[in-house]
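In what follows, a structure is listed as structure tokens, so that the remarks can point back to it.
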Amino acid sequence: MHELIENLKQKQWLWQANHTQSSGEYQSTGFDLLDQKLSGGFPLHGVVEIQSPMGIGELRLLMPHLRHNHTDRLTVFVQPPGHLCAEYLMAEGLNPDRVLLVNPKDEQQALWVAEQCLKSGACSNVLLWHQALEVHQVRRLQVAGEQGNCLQFLFKSQQAHLFSLPVSLSMTLLPHEQGLEITITKRRGGWPHGKFVLNMKPYWPKLAIAPQSSVVVPFPVAQQG
């Protein structure tokens, strides 16, 4: 039994309640509420799984973090579902000369590209869109991120898995009239969180739906003759 437990620990399939990460092992997301829910922010390296419908603001959620960590290393986008606009990246504070866009011919090649970027030491963040990752593939990405001190963001649609993927953090996003509804489904060194709403209106007012003003209809009063 002891050997089984130790084997699970080595494979990072077992978490102990007395193992918590210190604040120095996180980097801010750029959103105070999300930092609070994550007890500090995103991990320094490893894999962050983001399960989300496409085009609800999932990329904008990462922009403050990418902007803050966009220094002398590269930010890599691997097979994004749409076209990246250089003007948009510049408006968000990213230097296009430090952005690498890769569109591999298939998903197997996309995995290879992501792994090489992660462990190269030349990248600070790698963003990968992939729908059908296996446990062993995610584990390779996790190890590569630790080797290169690089953070991997994995975008995928919400799916039911028989086994939880070995990621450092997993979040599910849904659209909300004020921004995003976020559920933290897995967090290394901590417990999951229930649903909460991240108000995006102060950052991107045009993306949030303004609350409808109440309309008061006066009740007709009978006139006395």
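The values are calculated or read from the model by the stated rules, or taken from the named source; none is laboratory data. No experiment lies behind these values; they were computed from the predicted model shown. Cβ placement follows ideal geometry from the backbone for every residue including glycine, while neighbour counts extend to all protein chains displayed. Areas reflect the complete protein model, heavy atoms only, side chains present, ligands, DNA and RNA absent. Shrake-Rupley method; radii C 1.70, N 1.55, O 1.52, S 1.80 Å.
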Residues that are of a type outside the set (Ser, Thr, Tyr), farther than 25 Å from His70 by Cβ and outside any strand (DSSP E or B), drawn from segment 139-182: Arg139, Arg140, Gln158, Gln159, Ala160, His161, Leu162, Phe163, Leu165, Pro166, Glu177, Gln178
Single residue of Ile5, Ile50, Ile56 found to be of a type in the set (Val, Ile, Thr) and modelled with pLDDT under 75: Ile5
Which listed residue is touching a Cys at 6+ places or on another chain (Cβ under 9 Å), more than 17 Å from Phe42 (Cβ to Cβ) and among the charged types (D, E, K, R), from Lys119, Lys156: Lys119
Whichever residue in segment 100-118 is open to solvent by less than 60 Å² (accessible area, probe 1.4 Å) and without any contact (Cβ under 8 Å) to a residue 40 or more places away in the chain and, among such residues, is farthest from the chain's Cα centre (by Cα): Pro104
Some residue of segment 119-133 being at pLDDT 90 or above, crowded, with 17+ Cβ neighbours inside 10 Å and either basic (Lys, Arg) or in a helix (DSSP H, G or I) (or both): yes
Residues (open to solvent by 70 Å² or more (accessible area, probe 1.4 Å) and under 28 Å from Val138 (Cα atoms)) located in segment 76-99: Pro81, His83, Arg98
Output for segment 45-75, where each listed residue is assigned to a loop (DSSP other than H, G, I, E, B), open to solvent by less than 70 Å² (accessible area, probe 1.4 Å) and within 24 Å of Gln147 (Cα to Cα): His45, Asn69, His70, Arg73
